[in-house]
Structure formats: C-alpha cells, structure tokens
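I have placed the structure first, in the form of structure tokens, so that the comments after it can refer back to it.
The values are calculated or read from the model by the stated rules, or taken from the named source; none is laboratory data. Keep in mind that this is a model prediction, so the values were computed, not measured. Reconstructed Cβ throughout: ideal geometry from the backbone, glycine too, with neighbour counts over all protein chains shown.
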Amino acid sequence: MKIYTKTGDRGETGLYSGTRVAKYHPRVETYGTIDELNACIGLLRDHVTDQAVRAELLTQQQHLFALGAALADDRPGQAYQLPPDASSALENAMDAMDAHLPRMTHFILPGGAPVVSYAHLCRTVCRRAERRTVELAEAVELDSSLVIYLNRLSDYFFVLSRHLARLAGVEEIKWIS
C-alpha cells in the first residue's frame with residue numbers, strides 16, 4: 001500500500017464518513033494537534049528511563065490515537081472512544097507521583113533536564129489540543145469525556161515533569177517575580 005494517495009493535493013482531506021473538508025477545518029486542526037501531542041509524547045518516552053513511566057506514556061499514546069480517531073469520525077454513533085477510566089487512571093497516577101514530591105511553593109519554569117523540558121512541552125501542546133477540542137465542541141457534538149481527559153492529561157504532564165526532575169536529581173526552576 002502506498003502512503004501517498006494524492007487525494008489531498010487540492011487542500012482537502014477525508015473524514016471517516018467520506019466527507020471531504022479543508023485541511024484547515026476545525027476538526028482537522030483538532031485531531032492534527034492531538035497527533036502533534038502524540039509525537040511529543042513519543043519524544044518524551046524516548047528520553048524516559050523509568051519503565052513504569054514509559055509504559056504509562058505508551059498507554060496515553062494509545063488513548064490519544066483513539067481520541068484522534070473519534071475526532072476524525074463525523075458519523076453518528078462513532079465507534080472510537082476512550083476507556084471509561086482514562087481520566088481517573090490519570091488522577092491515580094498523579095496522586096501516586098505527587099505523594100513523593102515536595103510541596104509547591106512557587107510557579108515552576110520548564111527546564112533543568114531535557115526529559116523535564118519534554119514533559120513541559122507535552123503539557124503545553126496538550127493544553128492547545130484541549131483548547132482546540134473545546135472550540136470544536138462548540139460547533140459539533142463531542143463526548144464531554146474527551147475534554148475532561150485532555151484536561152487531566154495536561155495536569156498529568158505537569159506532575160510528571162516534577163516527578164522526572166526528582167528522578168533525575170535536578171532542582172526545579174522556580175519563577176521568582
């Protein structure tokens with residue numbers, strides 16, 4: 001099977017229903033941002049040495065692929081969904097990491113080690129994906145669990161950045177105004 005189809009050469013792409021839309025359509029912009037986030041998570045995962053964290057990141061990549069498919073599926077009763085426990089599993093993972101972190105007293109700036117910075121990059125791209133999804137949800141009907149999941153996922157990346165800093169033995173960079 002060839003990767004190139006030439007069907008997008010006129011600036012359009014197809015949704016699951018077969019409907020052709022502009023490549024800048026809000027649906028395409030939204031699932032494109034989800035895809036970008038997934039690539040960022042792959043970069044982060046490539047730099048994480050903790051096997052449990054690597055496994056968790058792979059799980060999130062799987063969830064994001066399903067989320068992107070749900071966004072690309074404009075048919076009624078779409079088949080692609082997140083697992084019902086996707087958001088609560090993130091909450092549990094954050095609680096487990098947070099139990100070993102020092103209490104926050106300042107805002108934290110990205111940096112300190114590449115792996116920490118990559119986690120912050122994932123957080124910021126996730127926030128953009130969340131904004132795009134919220135915007136799309138104003139125009140089309142979307143399952144509210146998608147926005148909830150992205151909101152939890154961006155929080156997860158913040159806590160993960162702190163956890164990775166602790167594992168790497170680097171001091172968090174505090175914002176001092």
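For LEU153, are the conditions met, namely being hydrophobic (A, V, I, L, M, F, W, C) and crowded, with 20+ Cβ neighbours inside 10 Å?
On the way: hydrophobic (A, V, I, L, M, F, W, C): yes; crowded, with 20+ Cβ neighbours inside 10 Å: yes.
So LEU153 passes the test.
Given the condition touching a residue at least 60 places away in the same chain (Cβ under 8 Å) and in a helix (DSSP H, G or I), answer yes or no: does some residue in region 71-78 qualify?
Scanning region 71-78, I find at least one residue that is touching a residue at least 60 places away in the same chain (Cβ under 8 Å) and in a helix (DSSP H, G or I), so the answer is yes.
Could we say that ALA93 is among the aliphatic types (A, V, I, L, M), under 30 Å from ASP143 (Cα atoms) and without any contact (Cβ under 8 Å) to a residue 60 or more places away in the chain here?
On the way: among the aliphatic types (A, V, I, L, M): yes; under 30 Å from ASP143 (Cα atoms): yes; without any contact (Cβ under 8 Å) to a residue 60 or more places away in the chain: no.
Answer is no for this residue.
Of the numbered conditions (1) closer than 25 Å to ASP74 by Cα; (2) touching a Leu at 6+ places or on another chain (Cβ under 8 Å); (3) part of a helix (DSSP H, G or I), ARG166 fails exactly one; give the number of that condition.
The number of the failed condition is (1).
Filtering region 85-113 down to residues that are in contact with a His (Cβ under 6 Å, 6 or more places away or on another chain) and outside any loop (DSSP other than H, G, I, E, B), which residue is surrounded by the most Cβ atoms within 10 Å (Cβ to Cβ)? It would help to see each step written out before you state the result.
Step one: filter region 85-113 for residues in contact with a His (Cβ under 6 Å, 6 or more places away or on another chain), giving 86, 97, 110.
From what is left, the residues that are outside any loop (DSSP other than H, G, I, E, B) are 86, 97.
Details: ALA86: 21, MET97: 19.
Filtering first and then ranking leaves ALA86.
Let me confirm something: among LEU44, LEU82, LEU64, LEU37, which residue is in contact with a helix residue (DSSP H, G or I) (Cβ under 7 Å, 6 or more places away or on another chain), surrounded by 15 or more Cβ atoms within 10 Å (Cβ to Cβ), at pLDDT below 95 and not polar (S, T, N, Q)? Give the derivation first.
Details: LEU44 fails: at pLDDT below 95; LEU64 fails: at pLDDT below 95; LEU37 fails: at pLDDT below 95.
Only one candidate qualifies: LEU82.
Restricting to region 1-27, and then to whatever is charged (D, E, K, R) and assigned to a loop (DSSP other than H, G, I, E, B), can you tell me which residue is nearest to ALA66 (Cα to Cα)?
Residues of region 1-27 that are charged (D, E, K, R), as a first pass: 2, 6, 9-10, 12, 20, 23, 27.
Pick out the ones that are also assigned to a loop (DSSP other than H, G, I, E, B) and you get 2, 6, 9-10, 23.
Numbers: LYS2: 23, LYS6: 25, ASP9: 26, ARG10: 27, LYS23: 20 Å.
Taking the candidates together, the pick is LYS23.
Residues checked against (1) modelled with pLDDT under 95; (2) crowded, with 19+ Cβ neighbours inside 10 Å; (3) touching a Cys at 6+ places or on another chain (Cβ under 9 Å); (4) under 21 Å from PRO76 (Cα atoms):
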| residue | (1), (2), (3), (4) |
| --- | --- |
| VAL115 | no, yes, no, no |
| VAL125 | no, yes, yes, no |
| ARG131 | no, no, no, no |
| ALA139 | yes, no, no, yes |
